[in-house]
Amino acid sequence: RMASSPSPTQQQGQLAEDAALAFLQARGLKLIERNARYSVGEIDLILMHEGTLVFAEVRQRRSDRFGGAAQSIDRRKMKKCALAAQCWLKQHAHYAHMPCRFDAVLLTGTENNWKIDWIRDAFVFQDVF
């Protein structure tokens, strides 16, 4: 057996990501890549939306206590996303000229009963660097 089976938390994260992706696709975004991982950080979803490249961070929380999902995206997390996005753009040079933005998709609750908040332009490169 190569990989160990995912933990309940990882499974929950995968379900949240699936739900976020379906939510965005229903709104016309087209998936380019999932889980782009680099030493500097990772991007959950990379999508195309009306000519703009979207790097989306998916956050999932059971409840809004402790500030909910939005509170979990701090400057450090933003910087990791931005650095990973730069790595991705270097590898996919044909996208490099395109406008891009960072969205957050916040899921609160549990599978089949998500409350989904889509925050476009959650941050920009300039917020981080």
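Points worth noting:
- Counting only strands (runs of 3 or more DSSP E) that fall entirely inside the range 1-109 and contain at least 1 residues that are farther than 20 Å from Val124 by Cα and modelled with pLDDT under 85, the qualifying elements are 52-61.
- For first residues located in the range 86-102 and open to solvent by 40 Å² or more (accessible area, probe 1.4 Å), partners that are part of a helix (DSSP H, G or I) and lie 6+ apart or on another chain with Cβ distances below 8 Å form the pairs Tyr95/Leu89; Ala96/Leu89; Ala96/Lys90; Cys100/Ala85; Cys100/Leu89.
- Filtered residue count, the range 10-31, keeping only those that are of a type in the set (A, V, I, L, M, F, W, C) and without any contact (Cβ under 8 Å) to a residue 24 or more places away in the chain: 3
- Any hit, the range 118-127, residues being assigned to a helix (DSSP H, G or I) and of a type in the set (S, T, N, Q): yes
The values are calculated or read from the model by the stated rules, or taken from the named source; none is laboratory data. Keep in mind that this is a model prediction, so the values were computed, not measured. Counting neighbours? That spans all protein chains shown, and the Cβs are built from the backbone with ideal geometry, glycine included. Side chains included, ligands, DNA and RNA excluded: accessible areas come from the protein's heavy atoms. Shrake-Rupley method; radii C 1.70, N 1.55, O 1.52, S 1.80 Å.
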